[in-house]
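K.L.:
Structure below; questions to follow.
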Amino acid sequence: MTIDTPDSLVIAGKSYSSRLLVGTGKYRDLEETGKAIEASGAEIVTVAIRRTNIGQNPGEENLLDILPADRYTILPNTAGCFNTEDAVRTCRLARELLGGHKLVKLEVLGDQKTLFPDVTATLEAAEILVKDDFDVMVYTNDDPLIAKRLEEIGCVAVMPLAAPIGSGLGIRNPYNILTIIENANVPILVDAGVGTASDATIAMELGCDGILMNTAIAQAQNPVLMASAMRKGVEAGREAFLAGRMPRKRFASASSPIEGLIL
Amino acid sequence: MKIFVNGEIHELEKPVSLEQLLESLSFSEKKIAVEINREIVPHGQYPRIQIKAEDRIEIVHAIGGG
């Protein structure tokens, strides 16, 4: 591997050069959303599916207008779904909305306070969606056994949380994330918990295939600049992972040779 | 006749197709998906679907989310 070797993330048979996936929530406006996505370099962008506002301004710009299909892979999510039925229904609506689109981000939430996943409902929804020919990227907790089970069901990517959604607490349990990565035959992406660029780097250094984030960019003081920082953090972490870090040593090891000292 | 659009009561003066209903709500040309009574209506079928009394219509679109 050299620095010029292509290093693609492959999800559901499609190659991506960026390993940073971004959400579109919590921005001031669509202009800021567009600029932040651009700066992040992301090629996969999540959206939520919601009721339209009746009586809205007909000329109002739509989120999909700033996400041209030839440039971005849209990843509709099931955020806000607290049971299997709602999550499956949302994915089917998304497929119709996006003209037969198969790739979805499944999340079935179990609790308002933590937004931790309802794992049993997530497993159930994943089975239904895979049978219904969806390509499922699934949000789950950092349990290696459940991550493996979701892979066995046929999910195309498994996305454990690093900390609660929107918390920015960073990678709270790197050893579980590492175990999930070591066990996996599908891409593992950290979804949720990253707060700043060093968190993204740490996740990538563990060997994650990618990171999905929203709040860490959207709620930064300067979202566009943070999007750029995240892009670099992900790239730096990926390269460091591929390079293989030096072993940790307890005591010093001089960088300059002892031989030839003038003393 | 009374129908429900995104959970709210909506009165129709005369029978209309789904396409006409969406036009009257300024939704034609919009990137939307529609369910009637929990059944998804494929895009091409809007002109052929007649709205009936008590129909529960959901019109969704994509918005910002993570």
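Only the coordinates and a few stated rules stand behind these numbers; no lab work does. Because the structure is a prediction, the values reported are computed rather than measured. Heads up, the Cβs are rebuilt from the backbone with ideal geometry, glycines too, and the neighbour counts pull from every protein chain shown.
K.L.:
Given contacts defined as C-alpha pairs under 8 Å and at least six residues apart, what's the relative contact order of chain A, whole-number percent?
P.N.:
Values: 493 pairs, mean separation 48.2, N = 263.
After rounding, I find 18 percent.
K.L.:
Name the shape class, rounded, prolate or oblate, that the alpha-carbon gyration tensor gives for chain A, where a ≥ b ≥ c are the square roots of its eigenvalues, rounded holds for a/c under 1.5, and otherwise prolate holds if a/b is larger than b/c and oblate otherwise.
P.N.:
Numbers: a/c = 2.07, a/b = 1.56, b/c = 1.32.
Note, shape of chain A comes out prolate.
K.L.:
Shifting gears a bit: Quick one: compute the contact order of segment B:2-61, relative version, from alpha carbon pairs under 8 angstrom and 6+ residues apart, as a percent. If you can, show how the numbers build up before the last one.
P.N.:
On the way: 86 pairs, mean separation 29.4, N = 60.
About 49 percent, as a whole number.
K.L.:
In addition: Around residue A:44, which amide H atoms from residues at least 5 apart in sequence, or from another chain, sit under 5 Å from its own amide H, with H modelled in the peptide plane?
P.N.:
When sequence neighbours closer than 5 places are left aside, the close amide H contacts are A:22, A:73.
K.L.:
Oh, and also: Using the Cα centre of segment B:2-61 as the reference point, and only Cβ charges (+1 on K/R, -1 on D/E), how large is the resulting charge dipole? Debye, rounded to the nearest 20.
P.N.:
Details: 8 positive and 11 negative charges, 24 e Å.
It comes to approximately 120 debye.
K.L.:
Given a Förster distance of 51 Å, report the FRET efficiency between residue A:32 and residue B:50 from their Cβ-Cβ distance, rounded to the nearest 0.05. If you can, show how the numbers build up before the last one.
P.N.:
On the way: r = 43 Å, r/R0 = 0.84.
Taking R0 as 51 Å, the efficiency between residue A:32 and residue B:50 is 0.75.
K.L.:
If packing is taken as the average number of other Cβ atoms within 10 Å across a peptide's residues, how do A:15-26, A:93-104, A:164-175 rank, most packed first? Show your work: numbers first, answer last.
P.N.:
Details: A:15-26: 21.8, A:93-104: 19.3, A:164-175: 16.9.
Descending mean neighbour count gives A:15-26, A:93-104, A:164-175.
K.L.:
Now for a different question. Averaged across A:41-54, how many Cβ atoms of other chains sit within 10 Å of each residue's Cβ atom?
P.N.:
On the way: counts 0, 0, 0, 0, 0, 4, 6, 7, 6, 7, 9, 15, 4, 9.
Going residue by residue through A:41-54 and averaging, the value is 5.
K.L.:
Kindly identify segment B:2-61 as rounded, prolate or oblate by the Cα gyration tensor criterion: order the square roots of the eigenvalues as a ≥ b ≥ c, call it rounded if a/c is under 1.5, otherwise compare a/b with b/c, prolate if a/b is larger, else oblate. Before the final figure, lay out the partial values.
P.N.:
Working: a/c = 1.36, a/b = 1.25, b/c = 1.09.
Taking the square roots of the gyration eigenvalues as a ≥ b ≥ c, segment B:2-61 is rounded.
K.L.:
Neighbouring Cβ atoms within 10 Å as the yardstick, rank A:263, A:145, B:12, A:129 fewest first.
P.N.:
On the way: A:263 2, A:145 11, B:12 17, A:129 26.
The fewest-first ordering by Cβ neighbours comes to A:263, A:145, B:12, A:129.
K.L.:
Contour minus end-to-end for residue A:221 and residue A:258, with contour as 0.36 nm per residue of separation and end-to-end as the Cα-Cα distance?
P.N.:
Working: separation 37, 0.36 × 37 = 13.32 nm, distance 4.81 nm.
That works out to 8.5 nm of additional length.
K.L.:
Which whole number gives the average, over all residues in A:22-33, of C-beta atoms from other chains lying within 10 Å of the residue C-beta? Spell out each step's value before the answer.
P.N.:
On the way: counts 1, 3, 5, 4, 3, 1, 0, 1, 1, 0, 0, 1.
Neighbouring Cβ atoms belonging to other protein chains average 2 per residue here.
K.L.:
Could I ask something else about it? According to a simple spin-label model (label point 7 Å from Cα along Cα-to-Cβ), what is the distance in nm between residue A:198 and residue B:8?
P.N.:
With each label point 7 Å from Cα toward Cβ, the separation is 4.9 nm.
K.L.:
What does the C-alpha gyration tensor say about the overall shape of segment A:1-155? Classify as rounded when a/c is under 1.5, otherwise prolate if a/b is larger than b/c, or oblate.
P.N.:
Numbers: a/c = 1.66, a/b = 1.09, b/c = 1.53.
Cα axes put segment A:1-155 in the oblate bin.
K.L.:
Quick check: Cα centre of segment A:234-263 to Cα centre of segment A:112-136, how many Å?
P.N.:
44 Å
K.L.:
Now a separate question. Please state the charge dipole magnitude for the protein assembly as shown, taken about the Cα centre, from unit charges on C-beta atoms (+1 on K and R, -1 on D and E), reported in debye and rounded to the nearest 20.
P.N.:
Values: 33 positive and 45 negative charges, 124 e Å.
It comes to approximately 600 debye.
K.L.:
If one computes the Cα centroid of segment A:17-72 and of segment B:8-66, what distance in Å separates the two points?
P.N.:
23 Å
K.L.:
Then there's this: In the structure shown, do any of A:35/A:232; A:35/A:105; A:35/B:30; A:14/A:148; A:35/A:102; A:26/B:30 have a Cα-Cα gap over 18 Å, and if so which? Please report the intermediate quantities before stating the final value.
P.N.:
On the way: A:35/A:232 16 Å; A:35/A:105 23 Å; A:35/B:30 23 Å; A:14/A:148 22 Å; A:35/A:102 27 Å; A:26/B:30 22 Å.
Table pairs above 18 Å Cα-Cα are A:35/A:105; A:35/B:30; A:14/A:148; A:35/A:102; A:26/B:30.
K.L.:
Hydropathy first: keep DSSP H helices in chain A averaging at least -0.5 on Kyte-Doolittle, then drop any whose Cα extent along the axis falls short of 24 Å, and list what survives. Let's see the in-between values first.
P.N.:
Working: long enough: A:223-243 (29 Å, 0.40).
Span-like helices in chain A: A:223-243.
K.L.:
Return the average number of partner chain Cβ atoms within 10 angstrom of each residue Cβ along peptide B:55-62.
P.N.:
If you average over the peptide's residues, the count of other-chain Cβ atoms is 6.
K.L.:
What is the sum of charges, Lys and Arg at +1 and Asp and Glu at -1, for the other residues whose Cβ falls under 15 Å from the Cβ of residue A:116? Intermediate values should be presented prior to the final figure.
P.N.:
Working: positive: A:113, A:172; negative: A:107, A:111, A:118, A:142, A:143, A:191.
Value of the local net charge: -4.
K.L.:
Quick check: pseudo-label points 7 Å beyond the Cα along Cα→Cβ at residue A:246 and residue A:17, how many nm apart are they?
P.N.:
Placing both labels 7 Å beyond Cα along the Cβ direction yields 3.2 nm.
K.L.:
Charges on Cβ only, +1 for Lys and Arg, -1 for Asp and Glu, centred on the Cα centroid of chain A; of A:147, A:44, A:98, which one is farthest towards the dipole's positive end?
P.N.:
Selected residue: A:147.
K.L.:
Between beta-carbons, use under 9 Å as the cut-off and find the net charge around residue A:89, counting Lys and Arg +1, Asp and Glu -1. Working shown, then result.
P.N.:
Details: positive: A:92, B:38; negative: A:85, A:86, B:35.
Summing Lys/Arg as +1 and Asp/Glu as -1 gives -1.
K.L.:
Which residue, chosen from B:33, A:115, A:5, occupies the Cα position most advanced towards the positive end of the dipole of the protein assembly as shown, where the dipole is computed from +1 (Lys, Arg) and -1 (Asp, Glu) charges on Cβ about the Cα centre?
P.N.:
Value computed over the given set: A:5.
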